[in-house]
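No lab work stands behind these numbers, since they all come straight from the coordinates. From a predicted model like this one, the values you see are computed outputs, not experimental measurements. FYI the Cβ positions are ideal-geometry reconstructions off the backbone, even for glycines, and counts take in every protein chain you see.
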Amino acid sequence: MTETPDLEKNPTVARIRAWRPGAIAELISFRGELTLVVPREHLRPLAEFLRGESDLAFTFLSDVTGVDRFPIEPRFELNYHLLSISRRDSLRLRVRLPGESPVIESVVPVWPTANWHEREIFDLFGMRFEGHPDLRRMLMPDDWEGFPLRKDYPVEGPR
Amino acid sequence: MTIVQTATGPAKTMVLNMGPQHPSTHGVLRVLLELDGETVVKADVDIGYLHTGIEKTAEALTYSQTITITDRMDYLAPLSNNLVYCLAVEKLLGLEVPKRAQYIRVLLTELTRIGSHLVWLGTHAIDLGAMSVFLYCFREREQLLSIFEMVSGQRMMTSYFRIGGLALEPPAGWMDRVAKVVQTFPSRFDEYEDLLTKNRIWQARTQGVGLLTASDAIAMGVSGPSLRGSGVDYDVRKYFPYSSYDEFDFQVPVRTEGDCYARYLCRVAEMRESLKIVRQAMEKIPPEGPIKADAPGIVAPQREKMKIEMEALIYHFKIYTEGFAPPPGEVYQRIESPRGELGCFIASDGSPKPYRMRIRAPSFVNLQALQKMVEGRLIADVIASIGTLDIVLGEIDR
């Protein structure tokens, strides 16, 4: 799980490095899956870059999901699972967000499918997405208090 | 409420509540339809009525215990759910499953696909007024469920795939039952097609209805037959083969029309392709051989071994009391479920319980496309569009 020079040779990584060297904070390879850790402010431009460039063509966003690392800081993690149908390639982007301000720019304008994923993460983790068209509760009732998938939320429910 | 222009001047739209108790929503789905006469202006989908917190529950169970709650998500394809979870944990552990178990998994998940498509076809047809197809489909599905019952002891909540292989050796004579299915089902599929494919009412209700272009479908993250009906041949079995799918010879049916009729044709063709895979799997499965990986401490030892070997007894005790601890890390495993790309993301922190288990439910993502499909269409087309997406609310709400 450490940075190795081989990962730098990955064509996608090389393309991003050439475009904006600061967009990748860390490279992780585990069980053959490549993860790019991206600083919060770079996510949206990087998303546009990965989707828009014809030789990368990550047009399909499979999934967006959150992880709560409570009590470790930065507490929250977002994982974006990208897929390029034309190149048969997949990639994971990871953004780490601090516990006191879990806010990030929405990727809905890049991949419209992120709409419901981001709503669900807002609903269950309480992370907020700036520029999301319709950020409402999704699975839980509108007047629900608390965010069930946070680690400081008990499995049995609120007391 | 918005003001729309009509032939007789400006008028207010009406909001119609559809569901959550409505036979055509295939479960407890609520759609708020904003209508201009009979035309849909906006469709706001409200979900969450079946939310049971499966992802949260998984964090409190060990890796083996979690298998039983995966069945309860997509209850029409429990074996696909078992498979994606087991494959994800095996990927996390770096565990190789014996070929025999892999082929049996392929055979059973393909039967699951047929069973799930039969429910879809039956309910979609009854929604649009073709009653008899429903009865035929459920008659055939019963044969498949009896095979699952024979193999796992359960018709629906199978939990038959385990981490590292299968739960049990399949019983003697199960192959004969599968052989009977392979033999009789093609003519059954012909029967359904006789009733529907050239039926003028069926064509009128589905052709040109629920249109979805390829670029819209990709942008909305639609996968499975709903995407292939729009001309994109993305099938996880071909793109990212798992469980030895690369050794099987089958076609991926694709249509370019992007309407309900195209998706109907795709799914029916897919059932025939699944039978082809089942037939090949029957030849490939060796009569004898291991069904579990040789991984002490992860896969439970055989009963006989426990009676003569001290270590086996200790492993058995440890697996069922404290579980096993995979290395820290994250994996994402995708498979082709009957509804599309079913994904399982597991984050491990090195403890015996999943730190985070996430299911990327294809129905959840596909349902997002509903708004696009029904905008500006008649209210009757909403029924056809919900049916054609083949949603399962258990999986959407988790």
Open item on the list: Through the Karplus equation 6.51 cos²θ - 1.76 cosθ + 1.60, θ set to phi - 60°, convert the phi angles of the stretch B:89-101 into ³J(HN,Hα) values in whole Hz; use x for Gly and Pro.
Closed with: 5, 5, 5, 4, 7, x, 9, 9, 9, x, 4, 4, 5
Open item on the list: Once you keep just the Cα pairs under 8 angstrom separated by 6 or more residues, what percentage relative contact order results for the stretch A:72-126?
Closed with: 29
Open item on the list: With just the Cα atoms defining each centre, how far is the stretch A:1-69 from the stretch A:100-118? Give it in Å.
Closed with: 17
Open item on the list: Please compute the average number of Cβ atoms from other chains found within 10 Å of each residue's Cβ in peptide A:62-72.
Closed with: 5
TODO: List every residue whose amide H lies under 5 Å from the amide H of residue A:34, counting only residues 5 or more places away in sequence or on a different chain, with H placed 1.01 Å from N in the peptide plane.
DONE: A:92
Open item on the list: Need the list of aspartates and glutamates near residue B:307 for cross-linking: C-alpha distance under 20 angstrom, and skip anything on the same chain fewer than eight residues off.
Closed with: B:169, B:294
Task: Globularity ratio of the stretch A:62-151, using Cα Rg and 2.2 N^0.38 Å - done: 1.11
Open item on the list: Can you compute 3J(HN,Hα) from phi for each residue in the stretch A:39-53, using the Karplus curve 6.51 cos²θ - 1.76 cosθ + 1.60 with θ = phi - 60°, rounded to whole Hz and x for Gly and Pro?
Closed with: x, 3, 6, 8, 4, 4, x, 5, 4, 5, 5, 5, 7, x, 5
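Once you keep just the Cα pairs under 8 angstrom separated by 6 or more residues, what percentage relative contact order results for chain B?
25
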- [ ] Take every residue in peptide A:144-155, count the Cβ atoms of other chains within 10 Å of its Cβ, and give the average of those counts.
- [x] 2
Task: Exposure proxy ranking, count of Cβ atoms within 10 Å, fewest first, for B:266, B:260 - done: B:266, B:260
TODO: May I ask you to order B:157-167, A:126-136 by the average number of other C-beta atoms within 10 Å around their residues, highest value first?
DONE: B:157-167, A:126-136
Open item on the list: Name the residue from B:281, B:302, B:368 whose Cα lies farthest towards the positive end of the charge dipole of the stretch B:245-384, charges +1 on Cβ of Lys and Arg and -1 on Cβ of Asp and Glu.
Closed with: B:368
Task: Nonlocal amide H pairs with residue B:337, under 5 Å, H built at 1.01 Å - done: B:342
- [ ] Among DSSP beta bridges lying fully in chain A, give the percent that are antiparallel, nearest 5.
- [x] 80
Task: Distance (nanometres) between label positions extended 7 Å along Cα→Cβ at residue B:22 and residue B:179 - done: 4.9
Open item on the list: Please compute, for peptide B:217-224, the average count of beta-carbon atoms on other protein chains lying within 10 Å of each residue's beta-carbon.
Closed with: 6
Task: DSSP-defined beta bridges in the protein assembly as shown - what % are antiparallel, rounded to 5 - done: 90
Task: Projected label distance in nm at residue B:32 and residue B:233, using a 7 Å step from Cα toward the beta-carbon - done: 4.3
